[in-house]
Each structure stands twice: as structure tokens, then as C-alpha cells.
Amino acid sequence: MEKVRVQTPSRIHVTLIDLNGSLGRIDGGIGFALEEPEILLEVEAGSGEVVSDSGVHPELVERAKAVIKKVEEFFGFSVNVRIMKAYTPHCGLGSGTQLSLAIAKACTVLQGAEVSVRELAGVVGRGGTSGIGVAVFERGGFVLDGGHSTKVKKSFAPSSASKAPPPPVLARYDFPWKVVAVVPDRSGFSGAGEVNLFEKSCPIPLEEVREVSHIVLMKMLPAVVEEDLDEFMEAVSLVQKLGFKKAEVLSYEFAREFLDVFRAGMSSTGTAFYSAVESNAEGKKLLKDMVKFFEEKEIGCWGVLTNPNNEGARVMKV
């Protein structure tokens, strides 16, 4: 029986840009794709069964079952899914979007259908706030998206509570540096908790939105294009103290302490942290130091030194 294997990137979500909405648009996101950690799965025609290899979180199995029901309604046939590799859900690295799109994309290959990644995101209900996960599944790289018109999305809400389509990609560049990512053993926001975070934090003061926009446009984007690592990481550090990202960081006491020690950022609503580096040697030392920070607080932690993913998901028949 024909099988389709899909290997996805993970993603760092640097920040949402505008959760004020005074110009008639909300959200807007910036982030980039990583080679590791990854999601690797195989899909074949079947009856909706999901199996997983050792180490895969049970919540991802349940999410896969829910995605199968959605794609069955859209494509008119069901599939079996084997999750071979995955990483922690609700840690800020985008596992939900990558898993969902991987299953949907495999179905297009099995059926020989031409369906865009953006359309698949609508089928599986992803991209309703940030478009970074959808964009990096498609092409990888460093991405700036344009958020949603308030004609389409009326309120501030996370993707899990939004039915808006994925936002437009405004800019996409290859990401030029290696990345250290660490994930402490603490769950990030999800479900009602994430909805509540948006409700209590928004709207963000316009002055902070303007400052974030200034940093993104005149510091972060040029730094990526010119491959100026110091400028890029300075921009990352600045946005941790502004806008919705500030609200995310202030939700965790250890996040504030970590960012006082390291030139780094927190991805999405947490709890993954990241920093870009030039070399393997620099990255290995930084990874060791970051893990030690959490060990000294008796908080479990795992981490990776990885290359960026500037390609997107890889899909193949097996």
C-alpha cells in the first residue's frame, strides 16, 4: 500500500506585532524555521487509526485523530497515521500546526490533488492568528506576515480560538544562522489559558505597538538581510520587553530571570527559549549554559543546537 512520509520543521515565533488594531489590522507575526526538533510521520489510506513510536506525547496522538476527521470531511476518504518523531506540545515550537499540515499535505499526495498549503491550513484550522507556522511549513526561512483585517477577524484571540484564514506573507528570507533552542519542563499556554492571556492583555497600548513595528522594520529585518547577528539578537532582546511579548514573558518568573542572564528570546507564549549563533562551538557552549540554568533551579530541560530550515516540509512517497 502506498505511503507518504512528511518531515516538518519546527518554528520560533519571535513576536506578534499589533494587538491594538487602531489601523484596522491585528496580529502580524515574525518568526523562522528550524531543522530540529522535527515531526516525522507516515500516512496511508485507512480507517482513521493513529499509532506512535516511543517518546511521542499522547496529546499529539489525539490531535492527529481530530485532524484525520477534518481531512476526511474535505477529501472524502480516511487515512492511518504513524507518528515516528515529534516534540513537546505547548512548548512554543509550533507542533500543532506542523502535525496538522503534515497529515493534510500527505492526503493531497495520496489523492493526487492540487491543494495549496494555505487552503489546507483552513481545512485543519491553523493560521488564525500567526501565519508563521503555515508559511514555514510551505517554504521555511524567516517570515514576516501581515496579520488580519478587522473586517475578517473581529477580536484578539489565539489561533486555537480563531477561524480567520492564514495572514499574507509580507517578506521571506533565508535565515542565516544556527540556533540554540531550549525547552524547560513547564507547559506553555493552551486552550482556555491562552484565550485568557489574550483577553486580559489586549488591546496593547499603541505606543508599544509602534515601537515593536519600528524595531522589526528598521532593525530586525535589515539584520537578517545583512546577516548582522549582533543587530538581530539586540532586536530580539528589545521586543521581549514590549507589547504582547512582554505579557507572555511576564507570565513566567523563570522567563524574566532567564532573559536577564542570556541574550535570547522566548518563542510564542512559551516555554521554549532561543538564541542565534555563528558557530557550532559557540552554540554548544551556549546550549550547555542554558540547560545548566534550569538544572540549577531543579527544572528539567531539553535543548538542541540546530541549523535553520530554509526549505520547508519535505514530502516523499515511500
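The values are calculated or read from the model by the stated rules, or taken from the named source; none is laboratory data. From a predicted model like this one, the values you see are computed outputs, not experimental measurements. Virtual Cβ from ideal backbone geometry, glycine too; neighbours counted across all protein chains shown.
The table below gives the values:
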read-out: Every residue from region 247-301 that is touching a residue at least 12 places away in the same chain (Cβ under 8 Å), in a loop (DSSP other than H, G, I, E, B) and farther than 17 Å from Met233 by Cα; value: Ser251, Tyr252, Thr269, Gly270, Thr271, Lys297, Ile299, Gly300
read-out: Breaking point among (1) within 16 Å of Asp18 (Cβ to Cβ); (2) surrounded by fewer than 18 Cβ atoms within 10 Å (Cβ to Cβ), for Pro167; value: (2)
read-out: Condition met for Val182 (crowded, with 18+ Cβ neighbours inside 10 Å and either modelled with pLDDT under 95 or assigned to a strand (DSSP E or B) (or both)); value: yes
read-out: Long-range neighbours under 6 Å by Cβ, at least six apart or interchain, first residue of a type in the set (Lys, Arg) within region 172-185, second part of a strand (DSSP E or B); value: Arg172/Val143; Lys178/Val277
read-out: Condition check for Leu217: modelled with pLDDT of 95 or more, in contact with a Leu (Cβ under 8 Å, 6 or more places away or on another chain) and either in a strand (DSSP E or B) or not hydroxyl-bearing (Ser, Thr, Tyr) (or both); value: no
read-out: Every residue from region 147-163 that is farther than 12 Å from Gly21 by Cα and either at pLDDT 95 or above or surrounded by fewer than 20 Cβ atoms within 10 Å (Cβ to Cβ) (or both); value: Val152, Ser160, Ala161, Lys163
read-out: Options Leu144, Leu120; residue that is modelled with pLDDT of 95 or more and in contact with a strand residue (DSSP E or B) (Cβ under 8 Å, 6 or more places away or on another chain); value: Leu144
read-out: Qualifying residues in region 302-318 (those that are of a type in the set (A, V, I, L, M, F, W, C) and not in a strand (DSSP E or B)) - the one modelled with the lowest pLDDT; value: Val318
read-out: Residue that is small (Gly, Ala, Ser) and on the phi > 0 side of the Ramachandran plot, where the choices are Gly188, Gly133, Gly147; value: Gly147
read-out: Selection within region 19-67 - over 23 Å from Thr306 (Cβ atoms), buried (at least 24 other Cβ atoms within 10 Å of the Cβ) and either without any contact (Cβ under 8 Å) to a residue 40 or more places away in the chain or of a type outside the set (A, V, I, L, M) (or both); value: Asp27, Gly28, Ala64
read-out: Residue within region 288-298 that is surrounded by 14 or more Cβ atoms within 10 Å (Cβ to Cβ), of a type outside the set (Lys, Arg) and touching a Leu at 6+ places or on another chain (Cβ under 8 Å) present; value: no
read-out: Residue selected from region 68-107 under the condition in contact with a helix residue (DSSP H, G or I) (Cβ under 9 Å, 6 or more places away or on another chain) and free of Cβ contacts under 8 Å to residues at least 24 places away in the same chain, by the criterion farthest from Arg186 (Cα to Cα); value: Gly76
read-out: Filter result (closer than 21 Å to Ser190 by Cβ, of a type outside the set (S, T, N, Q) and within 13 Å of the chain's Cα centre (by Cα)) within region 125-159; value: Arg126, Gly127, Gly128, Gly131, Ile132, Gly133, Val134, Val136, Phe137, Pro158
read-out: Number of the exception - Lys151 against (1) part of a loop (DSSP other than H, G, I, E, B); (2) under 30 Å from Lys3 (Cβ atoms); value: (2)
